[in-house]
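Accompanying notes for the structure given below.
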Amino acid sequence: MRIGEVATSAGVTVKTVRHYETLGLIRSTRLSNGYRDYGEDAPRLVAEAHALSRAGIRLEQTRPFLDCLSEGSEHGDDCVTTRPAYRAAIDDLTERIDELSRRRDALLELLATAEAREDAGCQFADARPVHEDSRVHEGVLKA
């Protein structure tokens, strides 16, 4: 199966197929004319890796799912070896959500302070650049 056929069947670009091959997620052989030749399971493996990546699992963590499919399972997560990848992705997302929540809280605090100054009749506030504001040094805006 040619690379374009794999890409079309999996719903991805040829560049994505090449990238997955570079990562070792799929394999091809070279034909005498230099073209890549992929096995019949390549579209399914590419589609699985792509779907998992879109769901938040790093491509490097998709190997157990692809192995499970290659071993004949109907679903990539039929094998218990895939559970740690799910858990790791959930943990990563939870950390990112927590960080975004902290940033949101900091922005809400800054907005409330700005609105309080406006309500007090100060049209231009203090005219100091934000980076000179003492709240930045107190860690309110730290990432």
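Laid out as a table, the results:
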| quantity | calculated |
| --- | --- |
| Some residue of the stretch 103-110 being more than 27 Å from residue 59 (Cα to Cα), modelled with pLDDT under 95 and surrounded by 13 or more Cβ atoms within 10 Å (Cβ to Cβ) | no |
| Spans of helices (runs of 4 or more DSSP H) in the stretch 37-123 with at least 3 residues at positive phi and of a type in the set (Phe, Trp, Tyr) | none |
| Count - residues of the stretch 57-77 that are more than 17 Å from residue 23 (Cα to Cα) and either surrounded by 14 or more Cβ atoms within 10 Å (Cβ to Cβ) or under 12 Å from the mean Cα position of the chain (by Cα) (or both) | 5 |
| Test: residue in the stretch 30-45 that is aliphatic (A, V, I, L, M) and exposed (fewer than 13 other Cβ atoms within 10 Å of the Cβ) | yes |
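The values are calculated or read from the model by the stated rules, or taken from the named source; none is laboratory data. Owing to the predicted nature of the structure, the values given are computational and were not obtained by experimental measurement. Every residue, glycine as well, gets a Cβ built from its backbone with ideal geometry; the counts of neighbours run over all protein chains shown.
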